[in-house]
Structures are given as structure tokens and as C-alpha cells.
Amino acid sequence: MNKAQKYSTDGAEHNHKAAPMVEEITDFEVLEIAVRELAIEHGLFTAEDHRRFTEFAESVGPAGGSRLVAKIWTDPAFKARAMEDPVKACLEIGIDWSKPTGFGTPSDYTHLTILEDTPTLHHVVCCTLCSCYPRPLLGMSPEWYRTTNYRRRLVRWPRQILAEFGLILPPEVEVRVEDSNQKCRFIVLPVRPSGTENWTEEQLAEIVTRDCMIGVALPQPGRTADVHPVHKARRPVHSSHHEEAAR
Amino acid sequence: MSQKSEVDPRRVGLLEAMRGQGKEWEVLAPCYGVTNPNPPWKTSLAAMCDCLDVSGALPTLDRRRAEDELAEAVYGDVPAPESQLLTLVHTMLNRGLVSERELASRMRTVRSRLEAV
Amino acid sequence: MKQSKTMEKSQNNIGVLEEHPLGMQPRFKVGDRVQVRDMPYFFYTRSQMWARGVVGTIAALTYSDLVPEDEAFNVDGRVEQYYIVRFRQKDLWPEYPFDNDTVQTESPERWLEPARNSE
């Protein structure tokens, strides 16, 4: 086994190319390679397909979504185009939902819907069945989004979940949960916050974080990163098993 | 409404051996001062899941149902993305897509190859 | 409406026909009151979160798509409309504390029928 080599982040001074790396070869890394090689050899999929989808996974992140929202906020004509044909509007900002197959991926498809918030309507998105997520715009889904804890509880107790993210909304605001259980994929268009008048698109995009586009946070001046509940909540606090037993 | 189980929850020796060694990324990365929240193989894993769905070998809905079951029954204390990797392999083993023996053998080969670099 | 474009159906049904075959029109329009049909299985096969017969409103028409092959109520090769349906949380859970909250989900046409008691 390779000897672990510890890199200090201060090592940059001596070797300007050296960034800290995990120098160990873990069983997990080995397992991923091994199962992939065997799968290809068994004909479960092709190396070419795997390469294409890996490139896709590496190419996506939330920056595209942030830019989409910022542009909608600042450009009324673009907003009109985006609400009419969201996938086509994404293409205008360099996001192509048809990649990598020409028909999208087997999870993202090509049916983006933009959920527009208003001062009296707040959207929040989940996928109760399998955590579908608008990857071309937001990248890979965060782990909390994939847990049964989030997926099962959000449709039933949305305000409780939002509160756990630090978001409390007045009772008169309609909290609308969107369950993306078919082929449509959803992104929340938050209300542009006050205090951002005359901001550039770039400045606005900075405060439109991933959580804002899922609906568990609101964009705010000065808030440029998502912060999450510390507890991992891997097991449902409010177990659906108990609910089913009670029926 | 009861749903037939997607997966056999009995533990798999090969996978059990990897657990609890402190080698999960969220434990290991900080030890090396690495701030990237994801291990380098995470995108490859995501691609594998997409490929298995496209080819029909393991449709996404089936895979996710199995993952939810296994996360609850077996791998609840394993963090992401290792939990996703283990549940995927566990599911593939259950379905006979790969065998534990060939996986163990291939892991030895892969490790030798990587360590020789 | 979008221009029609036919995409080849992939093995896993990724392709979508965006134009209805001649004569087939969506059964519902935005604003229609609909009821989830009494069917042996629901959208959520693990946790039954939808009461039978709950009335919702058509919020949007999304796309038309080929009927999945494993559906029990399928007619092979048929294209059907998909909808976003909106439900009041209070209609789903009587004890839900907030009057205005809603939940939306996407449904193929065959899971829906006109609400029996339209308002």
C-alpha cells in the first residue's frame, strides 16, 4: 500500500503546482474502478458511453443556474423568452439540455420548468421517488436532497424542512412543493431581493446559490454560500414506517 | 402499501471489509488538507449509474429504491458518496450483474496496477 | 405551441413526441378540476401519501409522451398528455396547519378523471 504522504497547504510556496491531494488509494477508489471494468466487460454498458456521461457529470455545476436567474432578473425580454421556452433560453446562456445523447440524459430529459416565486408564493423542489434534479443547471444534487428524510418529509411537512434550513415563511405565503416525479425538471426563480438595485448580473449571480434554486434558501446580499444543518440526518426523523403502521 | 423488496439486505463480506476503516472521503480529505468535498471517482460513479439506466441493466428507479432500502437497513452509517457506491455494488451483486469473487479478484488487480505507478 | 419535432424513441423511452397524433387532444386544460383515479398503484409506491379521490387542479400541460410499457392500463404505442396537478395540502391532510400551502406533482392523463363534484 502506498505510503500516505501528507501535504501541507503551505507547501504551495515551494512547489507552486502542488495542491493537497489524498495520496492513499482507498478501497472505495479501487472498488469503483473494478466494478466499472467488470460491467463494461460483461456488456452492461460501453466504455464510450461511460466516458460521455463522466464528461457530462464533470461539466455541470450550479453556475449555469445562477446565471440564468441573474439574467432573468435583469433582462425582461430574456425573462419572457425563458418563461416561454426554458430549454431554449438555457441554450442562450450556454447550457445545452440535449447533451450528451442529443436527447438529454436518462435522468434530466429536456423538459425544464421554471417556478417563479412571488412575495406570496414560495416554491421548493424535491423528487420523492428517486431525487431527480436539474443537473444541467445545478450540477450534481447535494446529499441531503437525496435522502429519504428530505424527500419523504418535504411533501408532508415542508415548513418544518425549510425551518431546518433556517427559512421561516409567514403563514399567508403559499408554500408550494413541487415533486418532480416524471420528466419535468424544475428550478426555482426566487424573488430578487431588495438592496440589489443597480447590481450587475455577475453580482446577482453570486448570491443565487444552489439552495436558492431548490427553494430551501432565499437569496440575500452578502450570502454567497450555502450553509447546511450540521446533523447529517441520514435516518428519517419522522419515519414513514411509523406513518404506514398507523394507517 | 407494501412494495416488494428490491434487494437482499444480507451483508456482503467484500463490502463490509471496507467499512469503518476511516477511509471515507469526508474523514480522509481533511486529514490531507483537501477541501474538495468529493472524491475524484464520484463523477465516474454518477456516469456508471446513468449508463446502467440507459442500457437497461439497472433502471434508475429500481436502483434508487434499492439504495433507499439498503441505506436504511445496512449502510445507514456510511457517508456519501461511499454509501452510493456500496449500495450500487450491493444491488449489482444481488442481481447477478457481477459476482463477489470476480470483484474481489479484480480489486486486487486494480490495486496492484495503481500502486505500481 | 412549440414546433413539433419527432425524436427517435430510445430503448428507455427518452425520446418524446411533441405533436399529438391526428385526432388525439389533451383531455384536460389548465384550471380543470381533476381527481386522482382509484388505481391499484399510485405515483408513490412506497409511502402512500395521496388520499384516493383527492381533487386537484390542472396547473399546466407539460408534454405528451409515449405510455410506459410496463403500465397495466396501457394501450401500446399510445401517446398521452402529461400534466402538473396542484393539490391543497389541507385537502390531503386535514390537520395540515397552513391554509394556503399546496403541492404539485406531474401525472399522465390516464391517472386523472374529471372531479365528480366540480365547484
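Read-outs: derived from the displayed coordinates by stated rules, not from any lab. On a predicted model such as this, the values are computed, not experimentally measured, just so you know. Positions of Cβ are backbone-derived with ideal geometry, glycine not excepted, and every protein chain shown enters the neighbour counts.
Mind listing the phi-derived Karplus ³J(HN,Hα) values for segment A:84-89, rounded to whole Hz, using 6.51, -1.76 and 1.60 with θ = phi - 60°, and x for any glycine or proline?
For segment A:84-89, the Karplus-derived couplings read 6, 8, x, 5, 5, 5 Hz, x marking Gly and Pro.
Hey, fewest Cβ within 10 Å first, where do C:Lys29, A:Lys99, C:Lys90 land in order?
Final ranking by Cβ density, sparse to dense: C:Lys29, C:Lys90, A:Lys99.
Under a 5 Å amide H to amide H cut-off, with H placed in plane at 1.01 Å, what residues pair with A:Leu121 once short-range neighbours are removed?
Close amide H contacts, sequence-distant or interchain: A:Glu174.
Going by amide H atoms built from the backbone, whose H comes under 5 Å of the H on A:Thr113, apart from near neighbours?
Long-range HN contacts for A:Thr113: A:Arg185, A:Phe186, A:Ile187.
Return the sequence-ordered ³J(HN,Hα) values of segment C:105-113 in whole Hz as given by the Karplus equation 6.51 cos²θ - 1.76 cosθ + 1.60 applied to θ = phi - 60°, using x for Gly and Pro.
These are the phi-based 3J(HN,Hα) values: 8, 9, 9, x, 4, 5, 7, 10, 9 Hz.
Can you classify segment A:14-58 as rounded, prolate or oblate using the Cα gyration tensor, where a ≥ b ≥ c are the square roots of its eigenvalues, rounded means a/c under 1.5, and otherwise it's prolate if a/b beats b/c and oblate if not?
oblate
Test of understanding: ordering A:Cys184, A:Cys126 by Cβ neighbours within 10 Å, fewest first, what list do you get?
A:Cys184, A:Cys126
Tell me, in nm to one decimal, what length is gained between A:Ser59 and A:Val191 on full extension, where the rule is 0.36 nm per residue of separation less the Cα-Cα distance?
My answer for the length gained is 44.8 nm.
Relative to the longest principal axis of the C-alpha atoms of chain B, give the angle of the C-alpha long axis of helix B:100-115, reported between 0 and 90° and rounded to the nearest 10°.
With rounding to tens, the tilt is 20 degrees.
Step through the residues of segment A:62-69 one at a time and calculate ³J(HN,Hα) from phi using the Karplus curve (6.51 cos²θ - 1.76 cosθ + 1.60, θ = phi - 60°), rounding each to whole Hz and writing x for Gly and Pro.
Along segment A:62-69, the couplings run x, 4, x, x, 4, 5, 4, 5 Hz.
Calculated FRET efficiency, A:Arg51 and A:Thr74, Cβ-Cβ r, R0 30 Å, to nearest 0.05?
0.20
By residue number, which cysteines of chain A lack any other Cys whose Cβ falls under 4.7 Å from their Cβ?
So far as the 4.7 Å Cβ criterion goes, A:Cys90, A:Cys126, A:Cys130, A:Cys184, A:Cys212 stand without a partner in chain A.
For B:Arg95 and A:Thr118, what is the calculated FRET efficiency with R₀ set at 51 Å and r taken between the beta-carbons, to the nearest 0.05?
Efficiency for this residue pair is about 0.65.
Classify chain B from the C-alpha gyration tensor, please: rounded if a/c falls under 1.5, else prolate or oblate depending on whether a/b exceeds b/c.
prolate
DSSP beta bridges in segment A:61-246, what fraction antiparallel, as a percent rounded to 5?
If I count the DSSP bridges inside segment A:61-246, around 10 percent turn out antiparallel.
Quick one: order A:Glu55, A:Glu197, B:Glu24 by neighbouring beta-carbon count within 10 Å, fewest to most.
Exposure proxy ranking, most exposed first: A:Glu197, A:Glu55, B:Glu24.
According to a simple spin-label model (label point 7 Å from Cα along Cα-to-Cβ), what is the distance in nm between B:Arg10 and C:Lys29?
6.0
Of the listed pairs A:Lys71/A:Lys99; C:Lys29/C:Lys90; A:Lys183/C:Lys90; A:Lys99/B:Lys23; A:Lys183/B:Lys42, which have alpha-carbon separations greater than 30 Å here?
Correct reply: A:Lys99/B:Lys23.
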